[in-house]
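In what follows, a structure is listed as structure tokens, so that the remarks can point back to it.
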Amino acid sequence: MSDKGLLGSVYEKIANEEDARACEKIDSSVCKQVPGNFIKLIIAQFFTNLGDALINPKVTLPWVLQSVGAPAYLLGWLVPIRESGSLLPQLAIASVIRKLPIRKWVWIVGSVLQSLSIIAIGVVAATFDGALAGWLIILCLIVFSLARGLSSVASKDVLGKTVPKSQRGQVTGWSASLAGLVTVGIAVMMMLSAFTAFEASPIVYGACLVMASMVWLIGAAVYSRVVEFPGEVDGGRNGLMEALKQLTLLKTDRAFRLFVITRSLFLCSALSAPYYVVLAHQKLGNGVWVLAMFLFASGLASLVSAPFWGRYSDRSSKKVMVVACLLSSTVGFVLFAISYFKPSLFNQVIILPALYFLLTIAHQGVRVGRKTYLVDLADGNKRTSYVAVSNTVIGFMLLLMSLIGTLTQVISIEGLVLVFAIIALIGVLMAMRLPEA
């Protein structure tokens, strides 16, 4: 391959891949651009992953809503809107993207819109309060989530067009790992701030959000430098009805249908995470240092596990999903066992953050594995259809499975975690039936 400059040197050290093997199923003109594209995609995705860590709907946004005095009932909207809002419209989005021979600009538009949405949330936090501020933030989050959907559909297609199959998992893995490193640094600073007299105000939160929004703009700038060659545009018909026809893939494509069912069950690794934090608040208190420990655990887990999962998924993304989801389920069973046999252990500072650390490692594996599996499962426009249909169905399933949280009215938090662990274990059994991609 050409491009033996700085990017090419870094690529060779990271990818450790022979040219002939790497470019088996990729055009020679595209192959020459692989080193540069590989590194640029890692850098761009690092910035967006960092942004997602900073604007965490399970941590940061609830703090913002509370700081502006928004009604408590709005807190329950944050995670479903952030996730489902970016997934549900993707069938319609994909039907438009499929008509574009160059699709990186869709990702860039989505990234810029995400930045503007966060700037708007920062302005609202600094200038409004009460219910009005809360609803305005929710509105901005809806725009942010829809913009995220644009980038989601385009990113997998661009990745499939510009990077060989054996290296795609590493792009996802390394970008997540770098973002995890920075997140660890932020957590350490939060821990240090706990020993000072510093008190944040809504204006401070607003300013921090505006600064955080810049990472999406930097990511967009880097992504614009990716060299993408024109791709297939067949099937780019107009209208939502044409897009909805893609749902027939669930009936006609057995491997894809099985993947969507499996991915739906995998949602439990993400949906159970907030309850580990809630349990820590109950057992350890609501000090900033507790929050910092969980942020540290999350960042460290991404840092140490993402490159491993990425490289492993390039060998067998199916096995990564099986192993990672099994770990997620096991952690849930362990948490319930501790609560049943030795609940006093939860008063130990390290226990819950350690379990959350393992859960985050598992979730990182599930995330990297299922993304790599879906990209490798199909080529050309079929990949775009797979992504759109899968994400749309998962958007509905996320809303449906989030109702499991209402069980806290009749069972304990530990019992709810057990329910999620059992569902995740069923997901492991389904994943074992998937064909290798």
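The values are calculated or read from the model by the stated rules, or taken from the named source; none is laboratory data. Worth saying up front: this structure is predicted, and the values here are computed from it rather than measured. Note: ideal-geometry Cβ built from the backbone for every residue, glycine included; neighbour counts use all protein chains shown.
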Pick from ILE411, ILE426: which is in a helix (DSSP H, G or I) and over 20 Å from VAL153 (Cβ atoms)? ILE426
Hey, among the residues in the range 256-285 that are under 25 Å from ILE81 (Cα atoms) and not in a helix (DSSP H, G or I), which one's modelled with the lowest pLDDT? SER272
Can you work out which of the residues in the range 298-315 that are crowded, with 23+ Cβ neighbours inside 10 Å and in contact with a Phe, Trp or Tyr (Cβ under 8 Å, 6 or more places away or on another chain) is modelled with the lowest pLDDT? ALA306
Is it the case that the range 41-56 has a residue that's touching a residue at least 40 places away in the same chain (Cβ under 8 Å), under 29 Å from LEU400 (Cβ atoms) and more than 19 Å from the chain's Cα centre (by Cα)? no
Does the range 404-426 contain at least one residue that is at positive phi and either surrounded by fewer than 17 Cβ atoms within 10 Å (Cβ to Cβ) or in contact with a Leu (Cβ under 6 Å, 6 or more places away or on another chain) (or both)? no
Of the residues in the range 329-345 that are farther than 14 Å from ILE413 by Cβ and among the hydrophobic types (A, V, I, L, M, F, W, C), the one that is surrounded by the fewest Cβ atoms within 10 Å (Cβ to Cβ) is PHE341
In the range 127-165, what count of residues is obtained for those that are of a type in the set (Lys, Arg) and in contact with an Asp or Glu (Cβ under 7 Å, 6 or more places away or on another chain)? 2
Among the numbered conditions (1) surrounded by fewer than 23 Cβ atoms within 10 Å (Cβ to Cβ); (2) under 27 Å from ARG225 (Cα atoms); (3) at pLDDT 80 or above; (4) of a type outside the set (A, V, I, L, M), tell me where ASP129 comes up short. (2)
Kindly evaluate ARG103 against the criterion of being within 19 Å of GLY219 (Cα to Cα), in contact with a Lys or Arg (Cβ under 9 Å, 6 or more places away or on another chain) and either surrounded by fewer than 18 Cβ atoms within 10 Å (Cβ to Cβ) or at pLDDT below 90 (or both). yes
Answer with yes or no whether LEU267 is surrounded by fewer than 19 Cβ atoms within 10 Å (Cβ to Cβ), among the aliphatic types (A, V, I, L, M) and under 28 Å from ASN391 (Cα atoms). no
Which numbered condition GLN114 misses (of (1) in a helix (DSSP H, G or I); (2) more than 20 Å from TRP216 (Cβ to Cβ)): (2)
Which residues, counting only those in the range 378-396, are in a helix (DSSP H, G or I), surrounded by fewer than 21 Cβ atoms within 10 Å (Cβ to Cβ) and out of contact with any Ser or Thr (no Cβ under 8 Å at 6 or more places or on another chain)? GLY380, ASN381, LYS382
Inside the range 298-356, can you point out the residues that are of a type in the set (Gly, Ala, Ser) and either more than 17 Å from the chain's Cα centre (by Cα) or farther than 25 Å from LEU181 by Cβ (or both)? SER316, SER329, GLY332, ALA337, SER339, SER344, ALA354
If we scan the range 73-82, do we find a residue that is surrounded by fewer than 21 Cβ atoms within 10 Å (Cβ to Cβ) and not in a helix (DSSP H, G or I)? no
Checking ALA437 against (1) in contact with an Asp or Glu (Cβ under 7 Å, 6 or more places away or on another chain); (2) part of a helix (DSSP H, G or I): exactly one of these is not met. Which one? (2)
Sort through ALA306, ALA337 and tell me the only one that's of a type in the set (Gly, Ala, Ser) and touching a residue at least 12 places away in the same chain (Cβ under 8 Å). ALA306
Report whether or not ILE138 is within 17 Å of the chain's Cα centre (by Cα), part of a helix (DSSP H, G or I) and surrounded by fewer than 20 Cβ atoms within 10 Å (Cβ to Cβ). no
